[in-house]
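The values are calculated or read from the model by the stated rules, or taken from the named source; none is laboratory data. Keep in mind that this is a model prediction, so the values were computed, not measured. With ligands, DNA and RNA removed, areas are computed over all heavy atoms of the protein, side chains included. Shrake-Rupley method; radii C 1.70, N 1.55, O 1.52, S 1.80 Å.
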Amino acid sequence: MTDTGSLHLLRTNDVDKYRQLILDIHVEVRTQFGLMDDPFNAVDRFDERLTSYASRDGWEVIIAYQDDEPAGYIFGSPLMRGSLWWSSMRQPQPDDFTRETGTRTFAVQEVLVREAFRGTAGAGTSRLLHETLLAERPEERATLLVDPTRSGGRLKAVYESWGYRDIGEQQPFADSPVFATMLRDPLHQ
């Protein structure tokens, strides 16, 4: 566990040990934002995605704790050869852009911070989680998806302030929102 002042960060790839904690935080945060009525955010549906993500080579999660209280988490994995990540782009990208090697692009699949821990730890818990996750990654670039209609666009603006740029839209699941696809290139900034 890494100590970052008042927060302690646990880096792991053991989804089974931390699955219930991740699911509990998912429900708590999504409920606060009124998103649990959306079938895409249903616990079983989220757990299916979590299981799929965690089965990928290189997947890891970082969980933040303050005084043994879970504050939030972030998880992701590298995009492997044949990844479908770019296949649902509404603005198709060139083959040389979407060609994945397993070491080219890291996908941040989820970052959630509980309400009591937002805006803490200097630059914020979510940013600390994000930068800690990427700090040890060997990939060249990072990508993530964000629903641009949530929070009046503020969440998308946060990612832009972290060095991401909007490269188009995609809807990766039939029941998901249309997401803005964000890219941070180079990964380390």
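Would you mind telling me which residue in Ser151, Ser83, Ser55 has the biggest mean-square fluctuation in a Gaussian network model of the chain, where springs connect alpha carbons within a distance under 10 angstrom?
Among Ser151, Ser83, Ser55, the largest GNM mean-square fluctuation belongs to Ser151.
Among DSSP beta bridges lying fully in the stretch 84-189, give the percent that are antiparallel, nearest 5.
75
Kindly work out what percent of the DSSP beta bridges joining two residues of the chain are antiparallel, to the nearest 5. Before the final figure, lay out the partial values.
Values: 33 of 37 bridges.
Roughly 90 percent of the DSSP beta bridges within the chain come out antiparallel.
Specify whether the C-alpha gyration tensor of the stretch 10-57 places it in the rounded, prolate or oblate class, a ≥ b ≥ c being the square roots of the eigenvalues: rounded for a/c under 1.5, otherwise prolate if a/b is larger than b/c and oblate if not. Please list the in-between numbers first.
On the way: a/c = 2.87, a/b = 1.64, b/c = 1.75.
Oblate, because a/c is 1.5 or more while a/b does not exceed b/c.
What is the stretch 1-102's relative contact order, in percent, from Cα pairs under 8 angstrom and six or more apart in sequence? The partial results should precede the final answer.
Values: 106 pairs, mean separation 25.8, N = 102.
Contact order relative to length: 25 percent.
In the set (i) 24, 19, 17; (ii) 40, 18, 12; (iii) 21, 21, 17, which value of semi-axes √(5λ) of the Cα gyration tensor in Å was calculated from the structure you see?
Given (i) 24, 19, 17; (ii) 40, 18, 12; (iii) 21, 21, 17, the calculated one carries the label (i).
Tell me the carbon and sulfur percent of the accessible area for the chain, rounded to whole percent, probe radius 1.4 Å. Show your work: numbers first, answer last.
On the way: 4490 of 9280 Å².
Whole-percent figure for carbon plus sulfur exposure: 48.
Helix-derived [θ] at 222 nm for the chain: sum -39500 (n - 2.57) over DSSP H runs of at least 4, divide by residue count, nearest 500? Show your work: numbers first, answer last.
Numbers: 5 runs with 53 residues, N = 189.
That calculation yields -8500 deg cm²/dmol at 222 nm.
Would you please classify the overall shape of the stretch 118-173 from the alpha carbon gyration tensor, given that a ≥ b ≥ c denote the square roots of the eigenvalues, rounded means a/c under 1.5, and beyond that prolate means a/b larger than b/c while oblate covers the rest? Write out the running numbers ahead of the final one.
On the way: a/c = 2.18, a/b = 1.17, b/c = 1.85.
Oblate, since a/c reaches 1.5 and b/c is not below a/b.
Quick check: from the Cα gyration tensor, does the stretch 1-93 come out rounded (a/c under 1.5), prolate or oblate? Let's see the in-between values first.
On the way: a/c = 2.01, a/b = 1.32, b/c = 1.53.
Oblate shape, in that a/c is at least 1.5 and b/c is the bigger or equal ratio.
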